Amino acid sequence: MKGQMTMYLDSGRSGILILLMALGMTQGDSSKTPPGPRVTCTCQGPTCQLPICQGIWCTVVLVREEGNHLQEYRGCGSINPEVCRGQPTEVFHHYCCSSSFCNSNVSLKLEATQTPEYPEADGQLPLILGPVLALLALVVLGTLGLWHVRRRQEKHRSLLSELGESSLILKASEQGDSMLGDLLDSDCTTGSGSGLPFLVQRTVARQVALMECVGKGRYGEVWRGLWHGESVAVKIFSSRDEQSWFRETEIYNTVLLRHDNILGFIASDMTSRNSSTQLWLITHYHEHGSLYDFLQRQTLEPQLALRLAVSAACGLAHLHVEIFGTQGKPAIAHRDLKSRNVLVKSNLQCCIADLGLAVMHSQGSDYLDIGNNPRVGTKRYMAPEVLDEKIRTDCFESYKWTDIWAFGLVLWEIVRRTIVNGIVEDYRPPFYDVVPNDPSFEDMKKVVCVDQQTPTIPNRLAADPVLSGLAQMMRECWYPNPSARLTALRIKKTIQKLSNNLEKPKVIH
Ligand code: ADP
Ligand code: MG
């Protein structure tokens, strides 16, 4: 049984109630969640897998630990609705409220001696049966209580050992060159996900000093921060984009996503400052910024264009593929691929960022996890089937096909900036010549669905065997029939082949 259950044991003379929480404050029981608006809440307690959870309401529960130590736990309530009917309700030990993060700043106090109320008994039989039943109940509850205390002890022990190991690693790596590198490479990660244990994530996050704002996106700001002398990127989400932060945190912490061409995750943190909630996502910092930024400044030799393209394709192929086994990962579709969501690393390889809208799929369970984000992708990069709303939203492959459409547009942005025979074009976003700035859904639909336009491929590419290969690939990303488009793996292999051709010295007879 999952859910919240609070049991009372009257501990005789002291009259103090021992509150035992049985398997409460869990998150991830969405299968049992009744439909309705969901809120995001702070999750603090041994059963939390993330520092946040989602449910129908947020809760705070006061629990008496061993040694009479009172402990507040925070979490989400999604079943057992009678507990929080008429919310927000407040009883001495259990608080419920129904807006996001409303449980962050609440503090519960245990009033003096409190005894549970029993309904008054009528007649003689209850008088006799009463003490017997009470005794029986005490024995049962006592046994349950003991069992639960043991369980909690075990959980606490494993939590403490996890923390102990982490802080050891934190100290040990202080002598190394890159504390971050050491920390992330160590066995200290959570095992299932790409992240560090949550308490370490929180510790890291709270040691970051914000230095300068390096970017403003649709949903928040990105700062360069310093952690023990190393630059990190801190994405500060606006509260209206809480779902993107939640989704990205969830994916990084449950899926093993360490890959050279996927933005490296360091920590996620949520803090309450001056009664507002701050949502942070800390990742590796890349001083070249996004591919969009990079292409504004740089023209590319074909070799560099291919390097950027193949590395981005490797990142996308890794996202899209399902890997089986304990070190595996579900297939992931990005759903907001664009040059602003691809970053350029110092080795001039790309990495894919912003998983706030991603969907996941596992073949074995045929489980499609779409998340709970009202955000939609960027209109300029939307595939025709998204614009005319014919996409099969229940089919995972459909989402991968929309990524491929967008990937073709990113390739087009790259090739325009590639020098062929001394010629190069200015940076322009896809469809710059046919839609206004910040195009509407209708603008895009007219161009992409009604007129069936695709971006113009520069003529000069035809003169170069390698770049004409890229041009052909773009066309195959833009087939109106989504299932006819190339796969990320095919794109990766084709660009790799094109790169090999470029690197081979030409034999002149
Ligand atoms: P949003 O998702 O809100 O649109 P972005 O992820 O696009 O925000 O980030 C905004 C900008 O911040 C990017 O275009 C890029 O210039 C910069 N940026 C984002 N992440 C990083 C990072 N890890 N390192 C360096 N710059 C970054
Ligand atoms: Mg973004």
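The values are calculated or read from the model by the stated rules, or taken from the named source; none is laboratory data. The model shown is predicted, which means the values in this text are computed figures rather than measured ones. Note that we place each Cβ from the backbone using ideal geometry, even for glycine, and neighbour counts take in every protein chain shown.
Of note, GLU287 satisfies the criterion of being closer than 24 Å to ARG417 by Cβ and away from ligand 2 (no atom under 16 Å from the Cβ). When the range 440-481 is filtered for residues that are modelled with pLDDT under 95, assigned to a helix (DSSP H, G or I) and of a type in the set (D, E, K, R), only ARG460 remains. In the range 253-268, the qualifying residues are those that are in a strand (DSSP E or B) and either away from ligand 2 (no atom under 15 Å from the Cβ) or of a type in the set (Lys, Arg) (or both), and the one that is nearest to PRO465 (Cα to Cα) is ILE266. Restricting attention to the range 274-295, the residues that are among the β-branched types (Val, Ile, Thr) and more than 17 Å from CYS41 (Cα to Cα) total 2.
Scanning the range 423-446 for residues that are under 21 Å from LEU498 (Cβ atoms) and of a type outside the set (Val, Ile, Thr) turns up just one, GLU425. Against the test of being without any contact (Cβ under 8 Å) to a residue 12 or more places away in the chain and not polar (S, T, N, Q), the options ARG340, ARG335, ARG297, ARG258 yield a single qualifying residue, ARG297.
Take the residues of the range 258-293 that are hydroxyl-bearing (Ser, Thr, Tyr) and over 25 Å from LEU409 (Cβ atoms): which is surrounded by the fewest Cβ atoms within 10 Å (Cβ to Cβ)? Step through it out loud before you land on a result.
At the first step, the residues of the range 258-293 found to be hydroxyl-bearing (Ser, Thr, Tyr) are 268, 271-272, 275-277, 283, 285, 290, 292.
Checking the rest, the ones that are also over 25 Å from LEU409 (Cβ atoms) come to 268, 271-272, 275-277, 285.
Numbers: SER268: 28, THR271: 15, SER272: 12, SER275: 7, SER276: 9, THR277: 19, TYR285: 25.
Only one residue fits best here, namely SER275.
When each of VAL424, VAL344, VAL435 is tested for being modelled with pLDDT of 95 or more and closer than 25 Å to VAL232 by Cβ, the lone residue that passes is VAL344.
The rows are residues; the columns are (1) at pLDDT 95 or above; (2) within 16 Å of ligand 2 (Cβ to nearest atom); (3) not β-branched (Val, Ile, Thr).
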position	(1), (2), (3)
TRP280	no, yes, yes
GLY315	yes, yes, yes
GLY328	no, no, yes
ARG340	yes, yes, yes
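The strands (runs of 3 or more DSSP E) located wholly in the range 269-355 that include 3 or more residues which are within 12 Å of ligand 1 (Cβ to nearest atom) and out of contact with any His (no Cβ under 7 Å at 6 or more places or on another chain) occupy 276-284.
Look at GLU250 and say whether it is under 26 Å from SER398 (Cα atoms), of a type in the set (Asp, Glu), more than 16 Å from ligand 2 (Cβ to nearest atom) and in contact with a strand residue (DSSP E or B) (Cβ under 6 Å, 6 or more places away or on another chain). When the stated conditions are applied, GLU250 does not pass them. Per this entry, ASN437 is counted among residues that are part of a loop (DSSP other than H, G, I, E, B) and either over 23 Å from the mean Cα position of the chain (by Cα) or within 16 Å of ligand 2 (Cβ to nearest atom) (or both). Would you confirm whether any residue within the range 356-364 is of a type in the set (Ser, Thr, Tyr), part of a loop (DSSP other than H, G, I, E, B), surrounded by fewer than 17 Cβ atoms within 10 Å (Cβ to Cβ) and away from ligand 1 (no atom under 16 Å from the Cβ)? Within the range 356-364 (the criterion being of a type in the set (Ser, Thr, Tyr), part of a loop (DSSP other than H, G, I, E, B), surrounded by fewer than 17 Cβ atoms within 10 Å (Cβ to Cβ) and away from ligand 1 (no atom under 16 Å from the Cβ)), the answer is no, since none of the residues qualifies.
Identify all residues within the range 214-236 that are within 15 Å of ligand 2 (Cβ to nearest atom) and at pLDDT 90 or above; write none if there are none. Please lay out each step first, then the result.
At the first step, the residues of the range 214-236 found to be within 15 Å of ligand 2 (Cβ to nearest atom) are 214-223, 233-236.
Selection gives VAL214, GLU221, VAL222, TRP223, ALA233, VAL234, LYS235, ILE236.
When the residues of the range 448-475 are filtered to those that are in contact (Cβ under 8 Å) with a residue 12 or more places away in the chain and either under 20 Å from CYS314 (Cβ atoms) or small (Gly, Ala, Ser) (or both), the one that is surrounded by the most Cβ atoms within 10 Å (Cβ to Cβ) is LEU470. Got at least one residue in the range 366-385 being at pLDDT 95 or above, more than 24 Å from the chain's Cα centre (by Cα) and of a type in the set (D, E, K, R)? Scanning the range 366-385, I find at least one residue that is at pLDDT 95 or above, more than 24 Å from the chain's Cα centre (by Cα) and of a type in the set (D, E, K, R), so the answer is yes.
Looking at SER362, SER276, which one is among the hydroxyl-bearing types (Ser, Thr, Tyr), modelled with pLDDT under 95 and in contact with a Pro (Cβ under 9 Å, 6 or more places away or on another chain)? Exactly one of SER362, SER276 is among the hydroxyl-bearing types (Ser, Thr, Tyr), modelled with pLDDT under 95 and in contact with a Pro (Cβ under 9 Å, 6 or more places away or on another chain), namely SER362.
Among the residues of the range 192-248, those that are in a helix (DSSP H, G or I), over 18 Å from GLY264 (Cα atoms) and within 15 Å of ligand 1 (Cβ to nearest atom) comprise SER239, ARG240, ASP241, GLU242, GLN243. Of PHE396, PHE441, which residue is out of contact with any Phe, Trp or Tyr (no Cβ under 7 Å at 6 or more places or on another chain), in contact (Cβ under 8 Å) with a residue 60 or more places away in the chain and surrounded by 23 or more Cβ atoms within 10 Å (Cβ to Cβ)? Criteria check complete, one pass: PHE396.
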